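The values are calculated or read from the model by the stated rules, or taken from the named source; none is laboratory data. Bear in mind the structure is a predicted one, so any value in this text is a computation, not a measurement. We place every Cβ from the backbone using ideal geometry, glycine too, and count neighbours over all the protein chains shown. Quick note on the areas: whole protein, heavy atoms, side chains included, nothing else; ligands and nucleic acids left out. Shrake-Rupley method; radii C 1.70, N 1.55, O 1.52, S 1.80 Å.
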Amino acid sequence: MNSIIRNSVLGIAGLAFAGGVAAGPLTDTHTPTVDAAPVAAAVQADKPAVDTGKLIPHGVQGAQSRIDLSDEQVANTKAIIAATKKAGMDERAAVVSIATALQESKLENLGHLGDRNDHDSQGLFQQRPSSGWGTVEQITDPEYSTTAFLKGLKQVDGWQDMPLTKAAQTVQVSAYPDHYAQWEQQAADLVAKHWNS
């Protein structure tokens, strides 16, 4: 009986050894000799992290939407962030701005859309020259349109303590006031990624 157990143990040990040899070593001791450029993540590590608690202080409301962004949309995101910083406002203001632009234009700097246009709305925030937002040239400039939106946001008492959709709606006066909320998570993710880039 002992020989049966002994042979079983040795057989299992042999399989384990053979499996380990076939699979190769657990660690790779080979050092590549190719000169590699430093990765962008190393550069990012030197920059301070964004306080994610500031980005969505009240939690998201409802189901969240997300779209893939083109290079143009990423550039518009960065322009909104730059204008927010220039206005002396924080990351939360950038989240509100980007979520608003995601809802209004999907971060595309839209010109006049003809029959499909909502009155004379244009630009990232679908601002209207006839409502006093500025000229067509101004509101289709990402820095100007963001600054105009932020000027309106600053006038909303307690916007920092409001749900995003209420703060955005108070500035935009949209026919669909609850639609801004669906973009809060993607806007926060974009601010976290690009605020210090």
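For D141, D157, the ranking by accessible surface with the largest value first comes to D157, D141, using a 1.4 Å probe. Estimated at 0.36 nm per residue, the fully extended path between K85 and D178 surpasses their Cα-Cα distance by 30.8 nm.
Annotation for D71 and D189: the two label points, set 7 Å from Cα along the Cα-Cβ direction, are 2.2 nm apart. Extension gain for the segment K154 to T170, taken as residue separation times 0.36 nm less the Cα-Cα distance, is 4.7 nm to one decimal.
Net charge in the neighbourhood of K78 (other residues with Cβ under 13 Å of its Cβ; Lys, Arg +1, Asp, Glu -1) is 0. The share of alpha-carbon pairs in segment 136-197 lying farther apart than 16 Å comes to 57%.
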